[in-house]
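S.K.: One structure follows; several queries about it will come next.
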Amino acid sequence: MPETLDPDLAVAGLSRTVRSTRPFDVDITVSPLRRGAADPCHHVTPDGARWHASRMRTGEVTFRLTQDGRYGATARAWGPGAEEFLAGLETMLCLEEDLDDFTPQHPKIKEAHRTVPGLRMLKTGRVLESLIPAILEQKVHTKASWASWRTLVREFGTKAPGPAPQGLMVPPDAETWRLIPSWKYHRANVGPQRAQTIVRAARVADSIERTAALHPAEAAQRLRSLPGIGVWTVAETAQRAFGDADALSVGDYHLAAVVGWTLLGHPIDDDAMVEYLRPLQPHRYRAVRLLALSGQARKPKFGPRDPITDHRHH
């Protein structure tokens, strides 16, 4: 359990070190929490530490994660949610996940698995915090969605507890997301459809958070029942909140083509990708992540990218 410190040393926070039986890499495991280099909720400091601000059931938390040898991680946490966060650290980092059934046959995936042994899935259990950024990323350029996330968090979030890096923010709670005026979403370059989806999700936040206790397939089905939330959005949420190694981002603008070029030498569509990766279930997302992290994922560049849409001028 978390170490309890003398009140006079409260600035040091609570700390805990966890270890795995196989290699573990803090950086690549936690990096999906970061929504762009300037994410107000996630900072990487010059010493390589990963700082993140979140809302646990028991309150706000700032946590700092660092590598501890090849097999471990040390976390320090501040705020009313610190004890809850540290108690669930192994679960969040999926340190005990079973890979006995992950036996890829394609040589590139096998090599990626060999060269990137420290990857784990993420299971934060904080569903709304993963869902809302995914909604912001629906059918827009990633850079544009990250800018919207920054704008909204900086205006409606709260300062992270503890001795956090300057500018670190806790994302808004559900009630705040629900009450953000439509014109504020518009000024943050969030179109009406995505804004309304966020507001609808915030209204049923308690039900959304309960999906973290379900099997990922059932949780995904529950989330997809909400208007405006489809397969891609659920997958992006499940990759961070549910620890779902099979959460393939079907509908992603680039993914099917990348998988096709990398594994087959030619582009494929979503249906073909789903069929080709079927033998890798329940580890399809893991395989895609490994290919990207190992540097093997590729896709030829053809012409200019689509322009970024600015909803503020519509």
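S.K.: Arrange the peptides 275-285, 71-81 so that the one whose residues have, on average, the most other Cβ atoms within 10 Å appears first.
M.R.: Values: 275-285: 16.8, 71-81: 20.8.
Put in order of decreasing packing, that is 71-81, 275-285.
S.K.: Now a separate question. Per-residue ellipticity at 222 nm for the chain, helices alone: DSSP H runs ≥ 4 residues times -39500 (n - 2.57), over residue total, nearest 500 deg cm²/dmol? Intermediate results must be reported in sequence, preceding the final value.
M.R.: Numbers: 15 runs with 126 residues, N = 314.
The helix contribution divided over the chain gives -11000 deg cm²/dmol.
S.K.: Still on this structure: Where the accessible area of the chain is counted over protein heavy atoms with a 1.4 Å probe, how much of it, in %, is carbon and sulfur?
M.R.: Working: 8100 of 15230 Å².
Here it works out to 53 percent.
S.K.: In what order, largest first, do 286, 19, 150 sit by accessible area if the probe radius is 1.4 Å?
M.R.: Values: 286 10, 19 135, 150 60 Å².
From most exposed to least exposed: 19, 150, 286.
S.K.: Still on this structure: Could you work out the pair-distance distribution P(r) of segment 83-191 from its alpha-carbon pairs, with 10 angstrom bin width and percents rounded to whole numbers?
M.R.: Distribution as computed: 11, 30, 28, 21, 9, 0 percent.
S.K.: Treating cross-link reach as a plain straight distance, find the lysines whose alpha-carbon is under 28 Å from the alpha-carbon of residue 110, omitting any fewer than eight places away in the same chain.
M.R.: 123, 299, 301
S.K.: Shifting gears a bit: For segment 4-102, what size does the Cα cloud have along each of its three principal axes, sorted from largest down, in whole Å?
M.R.: 46, 31, 27
S.K.: Find out how many positive minus negative residues lie around residue 149, taking Lys and Arg as positive, Asp and Glu as negative, among other residues whose Cβ is under 10 Å from that of residue 149. Display every interim value, and only then the final one.
M.R.: Details: positive: 35, 150, 154; negative: 39, 137.
In short, +1.
S.K.: Specify which residue in the list 193, 208, 251 is farthest towards the positive end of the charge dipole of segment 185-252, using unit charges on the beta carbon of Lys, Arg (+1) and Asp, Glu (-1), about the Cα centre.
M.R.: Value computed over the given set: 193.
S.K.: In Å², what does the accessible area per residue of the chain work out to with a 1.4 Å probe?
M.R.: On the way: 15230 Å² over 314 residues.
Computed with neighbouring chains in place, this is 49 Å² per residue.
S.K.: Around residue 32, with a cut-off of 10 angstrom between Cβ atoms, what is the net charge of the other residues, counting Lys and Arg +1 and Asp and Glu -1? Intermediate values should be presented prior to the final figure.
M.R.: Working: positive: 34, 35, 240, 289; negative: 236.
Here the count lands on +3.
S.K.: With every protein chain left in place and a probe of 1.4 Å, what is the accessible surface of residue 55, to the nearest 10 Å²?
M.R.: 50
S.K.: Using 20 Å as the cut-off for backbone N distance, which residues of segment 178-192 belong to the label zone defined by a point 7 Å from the Cα of residue 158 along Cα→Cβ?
M.R.: 178-181
S.K.: I've got another one for you. Hey, got the dipole for the chain? About the Cα centre, +1 on K and R Cβ, -1 on D and E Cβ, debye to the nearest 20?
M.R.: Result for the chain is approximately 920 debye, rounded to the nearest 20.
S.K.: If you don't mind, there's one more thing I want to ask. Please state the shape class of the chain: rounded when a/c is under 1.5, otherwise prolate if a/b exceeds b/c and oblate if not, all from the C-alpha gyration tensor. It would help to have the intermediate numbers written out before the result.
M.R.: Details: a/c = 1.66, a/b = 1.11, b/c = 1.50.
In terms of gyration-tensor shape, oblate.
S.K.: Among 241-251, 255-265, what's the highest-first ranking by average C-beta atoms within 10 angstrom per residue? Can you show the working numbers first?
M.R.: Values: 241-251: 23.3, 255-265: 18.5.
Those peptides, ordered most packed to least, come out 241-251, 255-265.
S.K.: Dividing the Cα radius of gyration by the Kirkwood radius, what Rg/Rh value follows for segment 168-279? Numbers along the way, then the final one.
M.R.: Working: Rg = 16.6 Å, Rh = 15.9 Å.
With Rh from the inverse mean 1/r over Cα pairs, Rg/Rh is 1.04.
S.K.: Out of 119, 42, 91, whose Cα points farthest toward the positive end of the dipole of segment 26-141 (charges: +1 Lys, Arg; -1 Asp, Glu; placed on Cβ)?
M.R.: 42
S.K.: Would you please give the FRET efficiency between residue 99 and residue 176, computed as 1/(1 + (r/R0)^6) with r the Cβ-Cβ distance and R0 = 45 Å, to the nearest 0.05? The partial results should precede the final answer.
M.R.: Details: r = 39 Å, r/R0 = 0.87.
So the FRET efficiency works out to roughly 0.70.
S.K.: Another question, if that's okay. Quote the accessible area belonging to residue 91 in square angstrom, nearest 10, computed with a 1.4 Å probe and with ligands, DNA and RNA left uncounted.
M.R.: Approximately 80 Å² of residue 91 is accessible to the 1.4 Å probe.
S.K.: What does the charge dipole of segment 38-188 about its Cα centre add up to, to the nearest 20 debye, if the Cβ of each Lys and Arg holds +1 and the Cβ of each Asp and Glu holds -1?
M.R.: Values: 20 positive and 18 negative charges, 143 e Å.
Using only the charged Cβ atoms, the result is roughly 680 debye.
The values are calculated or read from the model by the stated rules, or taken from the named source; none is laboratory data. Predicted model, so just to flag it, every value in this text is computed and none were measured. Virtual Cβ from ideal backbone geometry, glycine too; neighbours counted across all protein chains shown. To get the accessible areas, we keep the full protein, side chains included, count just its heavy atoms, and leave off ligands, DNA and RNA. Shrake-Rupley method; radii C 1.70, N 1.55, O 1.52, S 1.80 Å.
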